[in-house]
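Working notes for the structure below.
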Amino acid sequence: MEKTALFPGSFDPFTAGHLNILRRALTMFDKVIVAIGINQDKRGFYTNEQKKDIIRQAVAGLGNVEVIEYDGLTIDVCRSLGINHIVRGVRNMLDFENERAIADANRRLAPEIETIIIPTAQEFAHISSSAVRDILRHHGDTSLFVPEGVVLPPVD
């Protein structure tokens, strides 16, 4: 039986840190589904189609990665896909505490689904999607912060 994990997030945009977490998750799971969450209350920097394109560029050459988008609770997506593992990445203790709280809530709602928290490699710990967005807004070079080969769409 194939062991699959869901890697959810807004991925706005997908960064080198996200790719680091994804690659490490692939050492533990046969397949990882990168799931772009739709937040009705928040307008994304990029459209979901642009996010999918960016992620597909980033994972080119990696096998066993699928990209989807979803709306609603992450545990409901897991249940509908028959997935029992959620992968989350953290950069620091603040991220960890936030992810732990979400994992605890998910465990209460869906005890059959386990969250695996993976700390990003140190060389990527300073990278956040919000920092990349800020660099983009000021027309800076994001190449050190996004996966090699990824070309981010220009912003208005």
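Brief remarks on what is shown
- The C-beta contact set for the stretch 84-101 (first residue over 20 Å from Thr4 (Cβ atoms), second residue part of a helix (DSSP H, G or I) and hydrophobic (A, V, I, L, M, F, W, C), distance under 9 angstrom, 6+ apart or interchain) comprises Val90/Ile21; Val90/Phe96; Arg91/Phe124.
- Sole residue being among the polar types (S, T, N, Q) and in contact with a Gly (Cβ under 8 Å, 6 or more places away or on another chain), chosen from Thr47, Thr115, Thr120, Thr15: Thr120
- Condition check for Asn39: more than 23 Å from Asn20 (Cβ to Cβ), surrounded by fewer than 19 Cβ atoms within 10 Å (Cβ to Cβ) and out of contact with any Gly (no Cβ under 8 Å at 6 or more places or on another chain): yes
- Only residues that are more than 19 Å from Gly72 (Cβ to Cβ), assigned to a helix (DSSP H, G or I) and not polar (S, T, N, Q) were counted across the stretch 102-126, and they come to 3.
- So Arg88, is it farther than 30 Å from Pro154 by Cα and out of contact with any His (no Cβ under 6 Å at 6 or more places or on another chain): no
This table checks each residue for (1) acidic (Asp, Glu); (2) at pLDDT 95 or above.
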residue: Glu99; (1), (2): yes, yes
residue: Ala103; (1), (2): no, yes
residue: Arg108; (1), (2): no, yes
residue: Arg133; (1), (2): no, no
residue: Leu136; (1), (2): no, no
residue: Glu148; (1), (2): yes, no
residue: Val151; (1), (2): no, no
residue: Asp156; (1), (2): yes, no
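- Residues (crowded, with 21+ Cβ neighbours inside 10 Å and at pLDDT below 95) located in the stretch 1-11: none
- Qualifying residue in the stretch 63-78 (condition: surrounded by 14 or more Cβ atoms within 10 Å (Cβ to Cβ), of a type in the set (S, T, N, Q) and touching a residue at least 24 places away in the same chain (Cβ under 8 Å)): yes
The values are calculated or read from the model by the stated rules, or taken from the named source; none is laboratory data. In this text the structure is predicted, and so the values were computed from the model without any measurement. Reconstructed Cβ throughout: ideal geometry from the backbone, glycine too, with neighbour counts over all protein chains shown.
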